[in-house]
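See below for the structure under consideration.
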Amino acid sequence: MAVKVCKFGGTSVAGGAQLRQVQAIVEADSARRWVVPSAPGKRSRDDQKVTDLLYLCHEHVKRGVGFEEVFGLIRERYQTIVCDLGLSLDIASLLDEVHARIAAGAGAAYCASRGEFLNGHIVAALLGWPFIDPVEIIVFDERGRFLPEETHQAVSARLGKLPHGVISGFYGARLDGEVATFSRGGSDVTGAIIARGVDADVYENWTDVSGLLMADPRIVDSPKQIAVLTYRELRELAYMGATVLHDEAIFPVRESGIPVNIRNTSEPGDPGTMIVRGNGETELASSERITGVAGRKGFSIIAVEKTLMNAEIGFGRRLLGVLESHGISFEHMPSGIDTLSIVVSSSQLEGKADAVLEDLRAQCKPDSIDIKPGIALIATVGRGMMYAPGMAARVMTALADAGINIRMIDQGSGELNIIVGVREDDFEAAVRAIYQRFVK
Ligand code: ASP
């Protein structure tokens, strides 16, 4: 029988009504055997996330300020949920215990993790399923670094004995027993780990959008939804700022090839976006199109010119050595015959630009060198690009027709994307021009 792991994000578990929806989703499909809930998120725009309130409680205690008022909001939130759902769960005792530990000066990770801990109990009671505290199965070392193999063993062993269960997201325990958390948004990571541990057929990630869009809706009017994309394409789009999933959530499922299905809790009929391992079929299905276009501002180009650069052994190493000595990493490095552009994020050059230029002049003796700030990068991403001739031409003519000057072009060696650099002022117009050229 198929096995699905369902992670529900903060807005999907924000209140009683949302949790009823979660129950309906889980009960609609018997393959949905493992549920990973977040802490209650915002019910409306000006609402508070429980995790934020918990961090605030911790801060108050640390500074010796009373935290009763903030904790009162948390208490009320959970009591309302339990009451709305008509559960017999003794949430008051659980809340009292959490309150006592926070008052006694518990660490930030412990405090923050209680949002998921309490919600896990609620979801388990709602479904009538066992609650599994992730401190038993998600393992971190003494310095708080996640231990994938130890965790995998523990997850398989513990969950292998159960027909179904609810595992709180976001946290686990260090080898010394202290609670540790992933970074913010980390329940996505827990869901992926559980999916790998139970060898799931699908990792369903239920959130408040119906999946990934082909472009940022703040720039392109009603962009289309992406039906299928590969892990690598997601990585490219995420690098450029398209976010739905926690960055680290892809690794555990990618390794075992488990597809991720981004779904919308308030539109359960919508198939959402499937993130899969690339294969021949997915390649060909969309050879005509792009998967998405995304970009970011805030880059600078270090433009270097030197005659016969190609024949000078060690030139690139010296150049990158200077960047390394200033602690700067580079993003892209397209080159011409006697020219080379190094794209770095502008924030890395802050306060260092003159010193970097001086060292580059001394070490590399270029004919000319110059830093051009104010660059935006735009990636046109698509596995279909490998097979379709003329994709680059379409990107270029789209920009030319829109009167946009291209400052840099780079096509990754995987031929999965074409990256162009344009002036920051041209960024939005460029994204729209590319999107409209490919999507009818
Ligand atoms: N509740 C945690 C946070 O707000 C983790 C999560 O929701 O995934 O960051």
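Using the Cα centre of the chain as the reference point, and only Cβ charges (+1 on K/R, -1 on D/E), how large is the resulting charge dipole? Debye, rounded to the nearest 20.
400
Only loop residues by DSSP count here, and only those with at most 11 other Cβ atoms within 10 Å; note down the trypsin sites (Lys or Arg not before Pro) in region 218-274 that meet that.
218
Using the Cα centre as the reference, give the magnitude of the dipole from point charges on the C-beta atoms of region 71-144 (Lys, Arg: +1; Asp, Glu: -1; all else neutral), rounded to the nearest 20 debye.
180
Please give, to one decimal in nm, the separation of the simple spin-label points placed at residue 23 and residue 372, each 7 Å out from Cα toward the Cβ.
Here the answer is 6.0 nm between the modelled labels.
Once you have a ≥ b ≥ c as the square roots of the Cα gyration tensor eigenvalues for region 60-204, tell me rounded if a/c is under 1.5, and otherwise prolate or oblate according to whether a/b is larger than b/c.
Oblate.
Assigning unit charges at the beta carbon (Lys, Arg +1; Asp, Glu -1) and nothing else, what dipole magnitude in debye, to the nearest 20, does region 176-220 show about its Cα centre?
So the magnitude is around 220 debye.
Please pull out the direction-averaged projected area of region 124-176, using the convex hull of its alpha-carbon atoms, in nm² to one decimal place.
3.8
Would you mind telling me the share, in percent, of accessible area of region 324-440 contributed by carbon and sulfur at probe 1.4 angstrom?
48
Along the charge dipole of the chain, which of 246, 393, 261 sits closest to the positive end, that is, farthest toward it, with unit charges on the beta carbon of Lys, Arg, Asp and Glu (+1, +1, -1, -1)?
Of the options given, the answer is 393.
Got a number for the accessible area of residue 309? Probe 1.4 Å, square angstrom, nearest 10.
20
With θ taken as phi - 60° and the coefficients 6.51, -1.76 and 1.60, list the Karplus ³J(HN,Hα) couplings across region 186-203 in order, rounded to whole Hz; mark glycine and proline as x.
In residue order, the calculated couplings are x, 5, 4, 5, 4, x, 5, 5, 5, 4, 5, x, 9, 6, 5, 7, 9, 9 Hz.
What FRET efficiency comes out for the pair residue 365/residue 266, r = Cβ-Cβ distance, R0 = 56 Å, nearest 0.05?
Efficiency, rounded to the nearest 0.05: 0.35.
Sort the following peptides by mean Cβ neighbour count (other Cβ atoms within 10 Å, averaged over residues), highest first: 369-375, 2-8.
Final packing ranking: 2-8, 369-375.
Just to confirm the filter: which trypsin sites (Lys or Arg not before Pro) across region 47-113 are DSSP coil and have at most 11 other Cβ within 10 angstrom of their Cβ?
Those satisfying the criteria are 63.
Stretch residue 184-residue 103 to full length: gain in nm at 0.36 nm per residue minus the Cα-Cα span?
The span from residue 184 to residue 103 would gain 26.9 nm if fully extended.
Could you work out which residue, out of 399, 416, 323, moves most in a Gaussian network model of the chain, that is, has the largest mean-square fluctuation with Cα springs under 10 Å?
Among 399, 416, 323, the largest GNM mean-square fluctuation belongs to 323.
Taking the Cα-to-Cβ direction at residue 158 and at residue 318 and moving 7 Å from each Cα, how far apart do the two end points lie in nm?
5.7
With each pseudo-label sitting 7 Å past Cα toward Cβ, what's the residue 352-residue 96 distance in nm, one decimal?
Result: 5.5 nm between the two label points.
Quick check: Cα centre of region 70-109 to Cα centre of region 20-40, how many Å?
First find each Cα centre; the distance between them is then 22 Å.
Just want the answer: with Cβ charges of +1 for Lys and Arg and -1 for Asp and Glu, which residue in 189, 351, 439 is farthest toward the dipole's positive end in the chain?
Comparing the listed Cα positions along the dipole, 439 ranks first.
The values are calculated or read from the model by the stated rules, or taken from the named source; none is laboratory data. Quick caveat: nothing in here was measured; it's all calculated off a predicted structure. No Cβ is skipped: glycine too gets one built from the backbone with ideal geometry, and neighbour counts run over all protein chains shown. What goes into the accessible areas is simple: the full protein's heavy atoms, side chains included, and nothing from ligands, DNA or RNA. Shrake-Rupley method; radii C 1.70, N 1.55, O 1.52, S 1.80 Å.
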